[in-house]
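Down below is the structure, laid out as C-alpha cells.
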Amino acid sequence: MKFILKKIISIIIKFEAILIIKKYKPEIIAVTGSIGKTSTKDAIFAVMSDSFFVRKSEKSFNSEIGVPLTILGCQNAWFNPIEWARNIITGLELIIFDQDYPKWLIIEVGADRPGDIKEIAKWLKPSIVVLTSFAKVPVHVEFFKNRDEIIREKKYLVDALKHDGILIVNSDDIDSMKIKESTKNISFIYGTDKLADIVATEAKNYYGKDGHIEGITFKVEYEKNIIPIVIKGSLGAKSIYSPLAAITLGLTQKINIVKAAESLLNLEVSRGRMRILKGIKKTIIIDDTYNSSPAALTSALYSLKHVNINKGGRKIAVLGDMMELGKHSAEEHYKIGKVVAEVCDILVTVGIRSRKMAEGAQDALMSEKNIFQFEDSLSAGKWLQDIMRQDDVILVKGSQSVRMERVVEEVMLEPEKAKELLVRQEEEWLNI
C-alpha cells in the first residue's frame, strides 16, 4: 500500500512540476555525477544567490520525488498524508495563481537504479549541466549491470540539455571528459589540469593557532587572473572541485570571479561531507557521515593522511559498512583496510561488511591491538569517548543505513547543536 501511495504522489507532484516549469520558465542547473553532487550544488548556490533569485535542492533531493519537490519548493512529507496533501495544494497554487518564483533552480540529480535519470530527463530540460566525477566503483552499483551503465544513466541528463545549453565538466575525470567529447553543446572545463579553462593550483590545508585543521586554501587561475580561495570548515578534494565548478558556472553568467570568491567565504559546508567539527577533549572530528563508497572513502582517508597533527595526537578512522556494492563488496572493504593501515593509528569498524576492512588492515601490518570492531554506531561512539585524547583527529564515515552520525553526536563538543550540524536529524530518521 505504501508503495502504491508513493507512486501516486510521485505522479501528481511530477505533473505539477512540469506545469510549473512551463508556466514560470526558470533556468535549470542540473548537477550530477557519482561524487560531490551535494557539495557542488551548495557551492553553486553560494555563488549564484548573490546575483540572482535562486532555489536549490534541499539536502539530497535528487530522486523522482526529490526533484519535483525542489520545483514545488516543498519538504519531504515522509509518511504524513496531511503534509503530502499540503505539498500538492502548494503545487496547485503555483499553477493557478501568479507568484514570485525563482529565476534559477539548482537541482541535484542522482540515480539509485537504471532508468531513474532517463525518466527525469524526459521532462527536465536543463540550461546548464554540471558533471562532477565518476567513481571506479560507484555507490548504487549493486543495481546496475556495470559501471558503464551508471555513466550512461548520468549522460541522459547531458543529452537533455537545451540546444543552447552549457555543459560544465571536471577535466580531472576521464569519464566526464568523454561525455564532453560526445556532446555538441558549449562546454567549460574546470580542474587542476593546465588545459582546463579554470584551474585550481597550490591547494593546501590551513591551521588555527592551536595547530588544528580549519579548512583549505587554493588559487584559481583564469585568463591570467589569479584569485585566492578560502574554504572554511571543510577538507579534501571535494572542497576544491565544488567551489571550482561554482566559479566556472558563475563566469558563464558573467559573475565576476572576485565576487564569486567572496561569496564562497560564506559557503556553509554541507552537513556530513568532510565537515570539520570540534570534538570532546580538544580533538577534531572530520564528519563525512552522509554516505560512503570506495572512491569517496579512499579520498577521505588520503585527505586525513595529509593533515598535520600536534605531537601526541593520533589519526583515527571510524568506518561503517559501504552498502550497495554487490559483488564488489568484500574486495572493496578489504582494499580500504589496506589504505587505513597506511594512514591511521587506530581503526574502528561498524557493521558486518566492514569486518573485511579490519582484515585488510591487519594483512597490511596494522597491529591487531589498534583495530576495534562494533556491530552498531551507537556502541562505537560511546566506546570512542573513552579512548579519545587531546589532539586526535577522527574521520567518521559510512553508508546512510549504518547511521554513523550517531558516532559523531557521541563525541562532538556541542551535541546540543546536532540538529544544525549533523545529517539525518529529522524526526523520521531519529525514530528509525
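Below, the figures for the structure above:
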{"item": "Residues (open to solvent by 60 Å² or more (accessible area, probe 1.4 Å) and under 14 Å from residue 301 (Cα atoms)) located in the stretch 335-365", "result": "335, 338, 342, 345"}
{"item": "Subset of the stretch 35-73 (residues that are in contact (Cβ under 8 Å) with a residue 60 or more places away in the chain, open to solvent by 10 Å² or more (accessible area, probe 1.4 Å) and more than 12 Å from the chain's Cα centre (by Cα))", "result": "45, 46, 49, 50, 51, 52"}
{"item": "Pair list, Cβ < 8 Å and 6+ apart or interchain, from the stretch 124-152 residues that are at pLDDT 90 or above to residues that are among the hydroxyl-bearing types (Ser, Thr, Tyr) and surrounded by fewer than 20 Cβ atoms within 10 Å (Cβ to Cβ)", "result": "128/252"}
{"item": "Residue match in the stretch 48-68 (condition: within 24 Å of residue 173 (Cβ to Cβ) and either charged (D, E, K, R) or modelled with pLDDT of 95 or more (or both))", "result": "yes"}
{"item": "Test: residue in the stretch 366-373 that is open to solvent by 20 Å² or more (accessible area, probe 1.4 Å) and farther than 26 Å from residue 311 by Cβ", "result": "yes"}
{"item": "Residues of the stretch 354-373 classified as among the polar types (S, T, N, Q) and not in a loop (DSSP other than H, G, I, E, B), total", "result": "3"}
{"item": "Strands (runs of 3 or more DSSP E) enclosed by the stretch 155-222 - at least 3 residues per element that are open to solvent by 60 Å² or more (accessible area, probe 1.4 Å)", "result": "198-207"}
{"item": "Selected residue (criterion: surrounded by the most Cβ atoms within 10 Å (Cβ to Cβ)) from residues of the stretch 277-297 that are under 15 Å from the mean Cα position of the chain (by Cα) and of a type in the set (Val, Ile, Thr)", "result": "289"}
{"item": "Residues of the stretch 77-91 that turn out to be over 14 Å from residue 13 (Cβ atoms) and either open to solvent by 90 Å² or more (accessible area, probe 1.4 Å) or modelled with pLDDT of 95 or more (or both), as a count", "result": "2"}
{"item": "Positions within the stretch 239-255 being open to solvent by 50 Å² or more (accessible area, probe 1.4 Å) and either in a helix (DSSP H, G or I) or modelled with pLDDT under 95 (or both), in sequence order", "result": "241"}
{"item": "Residue count, the stretch 300-327 (criterion: open to solvent by 40 Å² or more (accessible area, probe 1.4 Å) and assigned to a loop (DSSP other than H, G, I, E, B))", "result": "8"}
{"item": "Residue 166 being in contact with a His (Cβ under 9 Å, 6 or more places away or on another chain) and of a type in the set (A, V, I, L, M)", "result": "no"}
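The values are calculated or read from the model by the stated rules, or taken from the named source; none is laboratory data. It should be emphasised that the depicted structure is a prediction, and the values quoted were computed from it without experimental measurement. In this analysis, Cβ positions are derived from the backbone assuming ideal geometry, glycine residues included, and neighbour counts consider all displayed protein chains. When the accessible area is computed, the model is the full protein with side chains, heavy atoms only, and any ligands, DNA or RNA have been set aside. Shrake-Rupley method; radii C 1.70, N 1.55, O 1.52, S 1.80 Å.
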